[in-house]
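As structure tokens, the structure follows; a few thoughts come after it.
Values in this text are rule-based calculations from the coordinates and carry no lab data. Worth saying up front: this structure is predicted, and the values here are computed from it rather than measured. No Cβ is skipped: glycine too gets one built from the backbone with ideal geometry, and neighbour counts run over all protein chains shown.
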Amino acid sequence: MPELPEVETVRRVLEKRIAGRRIVGLEVRDPRLRTPLDPAALHAALVGRSIVHVARRSKYLLLHLSGDRVLVVHLGMTGNLRVARGDDVLEPHTHVRIALGGGEELRYADPRRFGMLFEIGQAEIASHPRLGSIGPEPLEPGFDAQWLVQRAALVRKPIKNFLLDGRVVAGVGNIYACEALYRAGVHPRRAAGRLAAERWQVLCAALRTVLSLALRDGGTTLQDYRDAEGRSGAFQLRLRVYGREGHRCRRCRGTIRRIVQAGRSTFYCPGCQR
DNA sequence: CGGGCGGCCTGGAGGC
DNA sequence: TGCCTCCAGGCCGCCC
């Protein structure tokens, strides 16, 4: 569920709430995540260290710890990190509790268990198999139409699927890929390599706009997503196509359609996207 | 090799 | 009420 705006929203809350805190305890209640947890190793690696700051790369949260260690957390589809009091009622599917002292803790819960939580050295970030090949951050310098044009050259797959490739651009998932294509007026089935450079300019700008607006709204909450203080996002109110099959397009009054690409739903407006 | 698809899990929604 | 099917925001491995 969480894409860049949601993960960044969580990061900002965590930075405010837990940066500078020391980890004083760890409880692994269920190690069966996408990458199975090793409770003893995790305990040895985390307890006693402090959280220096909280960063993000693509959809990964990077909790930088003292001693140049990094706790990496991916929320998968339904994962959430929550700052809680130790005596707060445990949400179902709470798999990990990280005690921070003073009665507070950080909880990782994830019903579907598609998430990941692992610990590495800071120096390993660049070469880590899951982190090393991630593409540029779309809201930072280094991401522009020129890069996209270059990456898309000779690529025949649909542009929607191209945008979901994390090596091309970091943090873009199904919702924001659909929304950016709509705003740019690009048909999701268009072959990536056959989009004119001027259209890439428009699409690049649309991607940045939609991600920025979503971030400003604290992300999109369709069902589960909440930030680390339990707050919902509001960008679901501004979605133009995602989840709106059969509804009227706000721009052309045509009907939003849903198709399946690479096994995933794509929503678009046949009138506005060519 | 590029690209598509199934699988990993659970839960909620909707049909009957 | 209950049972069944479908669907979900991510990612990876396997296959052609």
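Which FRET efficiency value, to the nearest 0.05, do you get for A:A19 and A:H93 by plugging their Cβ-Cβ distance into 1/(1 + (r/R0)^6) with R0 = 22 Å? Show your work: numbers first, answer last.
Values: r = 26 Å, r/R0 = 1.18.
So, using R0 = 22 Å, E works out to roughly 0.25.
The angle between the Cα long axis of helix A:197-216 and the longest principal axis of the Cα atoms of chain A comes to about 40 degrees, rounded to the nearest 10.
The relative contact order of the stretch A:82-125, computed from alpha carbon pairs under 8 Å that lie at least 6 residues apart in sequence, is 36 percent.
Each of A:L154, A:L222, A:A126 was scored by the projection of its Cα onto the charge dipole of the stretch A:124-242, and the greatest displacement toward the positive side belongs to A:L154; charges sit on the C-beta of Lys, Arg, Asp and Glu.
Which three semi-axes in whole Å describe the equivalent ellipsoid of chain A, each the square root of 5 times a Cα gyration tensor eigenvalue, listed largest first? Show your work: numbers first, answer last.
On the way: eigenvalues 259, 83, 46 Å².
Here the semi-axes work out to 36, 20, 15 Å.
Placing a pseudo-label 7 Å from each Cα along the Cα-to-Cβ vector at A:A191 and A:A145 gives an inter-label distance of 2.2 nm.
Write down the Å³ per residue value for the convex hull defined by the alpha carbon atoms of the stretch A:114-263.
Roughly 147 Å³ of hull volume per residue.
Using the alpha-carbon atoms, what tilt in degrees (0 to 90, nearest 10) does helix A:4-18 show relative to the longest principal axis of chain A? Compared with the principal axis, the helix lies near 20 degrees. Separation of the stretch A:89-165 and the stretch A:213-267, taken as the distance between their Cα centroids, equals 20 angstrom. Pairing the Cα long axis of helix A:174-184 with the longest principal axis of chain A, what angle in degrees results, from 0 to 90 and rounded to the nearest 10? The helix A:174-184 is inclined about 40 degrees to chain A.
Do me a favour and compute the ellipsoid semi-axes for the stretch A:12-82 from its Cα gyration tensor, root of five times each eigenvalue, largest one first, whole Å.
In descending order, the three semi-axes are 18, 17, 11 Å.
Evaluating kT/(6 pi eta Rh) at 4 °C and 1.567 mPa s, with the Kirkwood radius of the stretch A:175-262 over Cα pairs in the Stokes-Einstein relation, gives 91 µm² s⁻¹. Annotation: amide H of A:R57 within the under-5 Å range of A:L62, sequence separation 5 or more or interchain, hydrogens built in the peptide plane. Put simply, the Cα atoms of the stretch A:4-127 extend 36, 31, 29 Å along their principal axes, the longest span coming first. For A:G86, nonlocal amide neighbours, meaning residues 5 or more places apart or on other chains whose placed amide H falls under 5 Å from its own, are A:E104, A:E105. Once the convex hull of all Cα atoms in the stretch A:67-119 is built, its volume per residue stands at 68 Å³. Averaging the sequence gap over all C-alpha pairs within less than 8 Å and six or more residues apart, then dividing by the number of residues, gives the stretch A:136-272 a relative contact order of 23 percent.
Calculated mean residue ellipticity, 222 nm, chain A: -7500 deg cm²/dmol, from DSSP H runs (n ≥ 4) at -39500 (n - 2.57) each, averaged per residue and rounded to 500. Remark: chain A carries a charge dipole of roughly 1480 debye about the Cα centre, counting +1 on each Lys and Arg Cβ and -1 on each Asp and Glu Cβ.
Most fluctuating residue of A:R57, A:R11, A:R244 in a GNM of chain A with Cα springs under 10 Å: which is it? For chain A, modelled as a Gaussian network with Cα springs under 10 Å, the answer is A:R244. In this structure, the amide hydrogen of A:Y225, modeled 1.01 Å from its nitrogen in the peptide plane, lies closer than 5 angstrom to no residue at least 5 positions away or on a different chain. In percent, rounded to a whole number, the relative contact order of the stretch A:4-127 is 29, using alpha-carbon pairs under 8 Å and six or more apart. Measuring how big the stretch A:226-274 is from its alpha-carbon positions, Rg and Dmax come out at 13.5, 41 Å.
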